[in-house]
Amino acid sequence: MAFSQIRIVIGIATPDMEYKIPLFDLNYDETEERAVIETLRSKWISTGPKTTEFEATFAKALGARHAIALANCTVALHLAFHTLNIQPGDEVICPSLTFIATVNALRYVGATPVFCDVTSTSDLTMDPVHLQSLVSNKTRAIVVMHYGGFPCNMAPIMDVAGRKNIAVIEDASHGPLSEYHGKKLGTIGLIGCFSFFSNKNISTGEGGMLVTDDDAIAARVRSLRSHGMTTLSYERSKGHTTEYDVLELGFNYRMDDIRAALGLVQLAKLQPDLKARASLRHRYLSGLSEIDDIVVPFNYHEEFVSNYIFPIVLRDSNVHRRDTIRQALKERGIQTSVHYPPVHRFHIYRQYQATLPTTEYVGENEITLPLFSRMTVDQVDLVVQALKDALAWARRSSS
């Protein structure tokens, strides 16, 4: 099946006919195919030269000293907490409006999540004011998530962290090349973590990257990702060393060269991809500007961002109305999603009681509309009109 006949939606390939306008379309072509074939023919498919090249290229793109390629972003977050020696009894302030991995990773080291609300329905990132009220003498880290590629308000967050000697970890899964005050996301805190899952701006199927300017952290992460060993198989195969030691209990969290080869091609495509997304976002904003029933988060944001997704939040609504509107869009052949069900409402996390009114409202009333670089202006206009029709129908039904 040709690349043009596949839609990748939350990591699942579905036939074209299922949706006229999918939520996401994988930006792949023959370039990725050639990169994989070249890697296969090189006879080195585990962690090796392509991984090293991907790391160096990614670090340069972000202006970071170190980039360490990993199996996925979840393990990047896990190693971030593990490397900082965060332990049971320690608290980590985190968002609830995020993918579950952000919080799962801190639980892997036994830390206690302390959930922070988002700023507002127009800013779906961590609220610095609420965050400050959550800091205690047990707080060891703050993990921020740059929602949709839009940056958290990092200045006050970094100020709180600096005064209290708290580490800041950035979940920048949504934001490769996004900027905050001229700095790339993932390079502001002590550690930044990126995802290359199928539906991300850089897509390798699975994969992640940890970036840091701290030499000691980078060295430890490189060791921990490969069982705590002092050298990799590729280094030994080239005769750089024939022996290795094991320094501590590590993990098998490596990226392979096949995915790294895909990552290099995707990274080369990233700038034009993001430029196209920015243009499509502008078209959405123009089409949605006169709709009073919705809030478009980050509407007035001006810095360069990845535009990973296009979220809207319904005003004066509830989850039933939201789901009804999503169903109406589905019937028009338009796929939508929800980013995200609040983590603190999942059964496994209900024990960590949290009062997060804005997060809960957004969780029940957010709709993610289609956005991908190959989307056309006509497709955006179709989504906008379908949304207007659905909202008008909902208003009539409730009157």
- [ ] Would you calculate the separation in nanometres between label points at Asp381 and Ile291, each defined as 7 Å from the Cα along the Cα-to-beta-carbon direction?
- [x] 1.6 nm
Open item on the list: Given a 10 angstrom Cα cut-off, can you work out which residue in Tyr180, Tyr352, Tyr28 is the most mobile in a GNM of the chain?
Closed with: Tyr352
- [ ] Based solely on C-alpha atoms, express the radius of gyration and the Dmax of the range 271-398 in angstrom.
- [x] 15.5, 47
TODO: Of the listed pairs Lys184/Lys275; Lys43/Lys275; Lys20/Lys183; Lys275/Lys330, which have alpha-carbon separations greater than 26 Å here?
DONE: Lys43/Lys275; Lys20/Lys183; Lys275/Lys330
Task: the chain: relative contact order as a whole-number percent, Cα under 8 Å and 6+ apart - done: 21 percent
Open item on the list: Report D for the range 338-394 in µm² per second (integer): Stokes-Einstein, Kirkwood Rh on Cα pairs, 10 °C, 1.306 mPa s.
Closed with: 114 µm²/s
Task: Choice from Ser42, Ser120, Ser136 with maximal GNM fluctuation in the chain (Cα, 10 Å cutoff) - done: Ser42
Task: GNM flexibility winner over the chain from Tyr147, Tyr244, Tyr19 (Cα, springs under 10 Å) - done: Tyr244
Task: Segments 64-77, 308-321, 338-351 sorted - mean Cβ within 10 Å per residue, highest first - done: 64-77, 308-321, 338-351
Task: More than 31 angstrom apart: percent of Cα pairs within the range 30-264 - done: 22 percent
TODO: Find how many whole Å separate the alpha carbon centroid of the range 110-138 from the alpha carbon centroid of the range 256-315.
DONE: 25 Å
TODO: Please give the contour-minus-distance gain from Arg163 to Lys183: 0.36 nm per residue of separation, less the Cα-Cα distance, rounded to one decimal in nm.
DONE: 5.1 nm
TODO: Above 41 angstrom, tally the Cα pairs of the chain and express them as a % of all pairs, no decimals.
DONE: 14 percent
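All of the numbers you see were taken from the coordinates with simple rules; none came from a lab. Bear in mind that the values here come from a model prediction, so they are computed numbers and not experimental data. Note that we place each Cβ from the backbone using ideal geometry, even for glycine, and neighbour counts take in every protein chain shown.
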